[in-house]
1. Before anything else, pin down the relative contact order of the stretch 1-78: Cα pairs under 8 Å, at least 6 apart, normalised by residue count, whole percent.
2. Going by average Cβ neighbours within 10 Å, how do the peptides 69-80, 38-49 rank, with the highest at the top?
3. To the nearest 500 deg cm²/dmol, what mean residue ellipticity at 222 nm is calculated for the chain from DSSP H runs of n ≥ 4 alone, each contributing -39,500 (n - 2.57), summed and divided by the residues?
4. Top mean-square fluctuation among 67, 17, 29, Gaussian network model of the chain, C-alpha springs under 10 Å?
5. Of the lysine pairs in the stretch 2-80, how many meet both conditions: Cα atoms under 21 Å apart, and a spacing of 8 or more in sequence or different chains?
6. Under a point-charge model restricted to the Cβ atoms of Lys and Arg (+1) and Asp and Glu (-1), what is the dipole moment magnitude of the stretch 2-80 relative to its Cα centre, in debye to the nearest 20?
7. If we count other beta carbons within 10 Å of each Cβ, what is the order of 64, 12, fewest first?
8. About the Cα centre, and with charges only on the beta carbon of Lys, Arg (+1) and Asp, Glu (-1), how big is the dipole of the stretch 24-65? Nearest 20 debye, please.
Amino acid sequence: MEAEISISYRTLEDAEAVVKAVSPDNVKAPAGLFVKTVRRGNRVVTMINCRTKLETFVATIDDLLSAVSVAEKALSVVKKA
């Protein structure tokens, strides 16, 4: 199973902040799961490749979207300060 999730932001800086927030350097994906998040212009693009269970695929997407939501909320608070 494969997915590519793309989310657009108003600025390059916002996109870069979200990429950094959802791409920890020290976390390895389990065997059979590949996740990579990059910035392309003002878009955050995540590629997911899952060779295991459907549940793992769905949980990975859910975790990613939750992390993005938290990053966006944090960014919003920082901008207001």
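Each value in this text was obtained by applying a stated rule to the coordinates, not by laboratory testing. It should be emphasised that the depicted structure is a prediction, and the values quoted were computed from it without experimental measurement. Counting neighbours? That spans all protein chains shown, and the Cβs are built from the backbone with ideal geometry, glycine included.
1. Relative contact order for the stretch 1-78 comes out at 38 percent.
2. 38-49, 69-80
3. The per-residue figure over the chain is -16000 deg cm²/dmol.
4. 29
5. 8
6. Taking the Cα centre of the stretch 2-80 as origin, the dipole is about 180 debye.
7. In increasing order of surrounding Cβ atoms, one gets 12, 64.
8. 260
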